[in-house]
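Beneath this line is the structure, given in structure tokens, with notes to follow.
The values are calculated or read from the model by the stated rules, or taken from the named source; none is laboratory data. For clarity, every value in this text was computed on a predicted model and none was experimentally measured. Here the Cβ positions follow ideal geometry from the backbone for every residue, glycine too, while neighbour counts run over all protein chains shown. All accessible areas refer to the heavy atoms of the entire protein, side chains included, with ligands and DNA or RNA removed. Shrake-Rupley method; radii C 1.70, N 1.55, O 1.52, S 1.80 Å.
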Amino acid sequence: AGLWTVFTLGGVGSKASPQLEQCSPLASQSLLLLLVLANLTDAPDMPNPYRQAIMSFKNTQDNTAFSSSNPHAFQINFNSLYTALCEQQKSDQATLLLYMLLHQNSNVRTYVLARTDIENLV
């Protein structure tokens with residue numbers, strides 16, 4: 001919570017509810033760390049590996065072949081990710097992660113747009 005307060009300039013943004021932070025403080029802090037790492041600037045000779053991983057992961061339920069040519073490629077269950085994001089939309093961290101995924105990962109964007117229950121997310 002202290003790190004998030006620093007990022008929101010002394011609490012300008014809305015904070016996660018105390019109930020959510022008490023339930024999963026490790027998850028909250030891990031999400032903050034992921035967001036910080038994914039938003040680091042790229043070096044001139046090497047792109048940010050965390051951003052590359054966020055931009056390229058795929059659905060485990062996808063039938064297409066998984067190419068391992070990208071060293072940062074991995075698979076995750078999009079249904080579980082979508083459910084978790086819907087449950088955590090009251091926190092700024094989860095909203096920022098959703099925004100980043102929708103803008104940088106075409107696989108996530110396609111999955112979310114194909115959902116029939118998008119009102120749960122909105």
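Can you tell me which residue is farthest from LEU34 (Cα to Cα) among those in segment 92-111 that are of a type in the set (A, V, I, L, M) and touching a residue at least 24 places away in the same chain (Cβ under 8 Å)?
Across segment 92-111, the extreme among qualifying residues is VAL108.
Step by step: first the residues of segment 23-60, then only those that are closer than 16 Å to SER80 by Cβ and among the polar types (S, T, N, Q), then the one that is least open to solvent (accessible area, probe 1.4 Å). Which residue is that?
Only one residue tops the list, namely ASN59.
Would you confirm whether any residue within segment 1-14 is modelled with pLDDT under 85, more than 22 Å from ASN107 (Cα to Cα), part of a helix (DSSP H, G or I) and small (Gly, Ala, Ser)?
yes
Could you check how many residues of segment 60-110 are at pLDDT 85 or above, among the small types (Gly, Ala, Ser) and in a loop (DSSP other than H, G, I, E, B)?
Of the residues in segment 60-110, 1 are at pLDDT 85 or above, among the small types (Gly, Ala, Ser) and in a loop (DSSP other than H, G, I, E, B).
With the condition kept exactly as written, say whether any residue in segment 42-56 is closer than 20 Å to ALA27 by Cβ and assigned to a loop (DSSP other than H, G, I, E, B).
Looking through segment 42-56, none of the residues is closer than 20 Å to ALA27 by Cβ and assigned to a loop (DSSP other than H, G, I, E, B).
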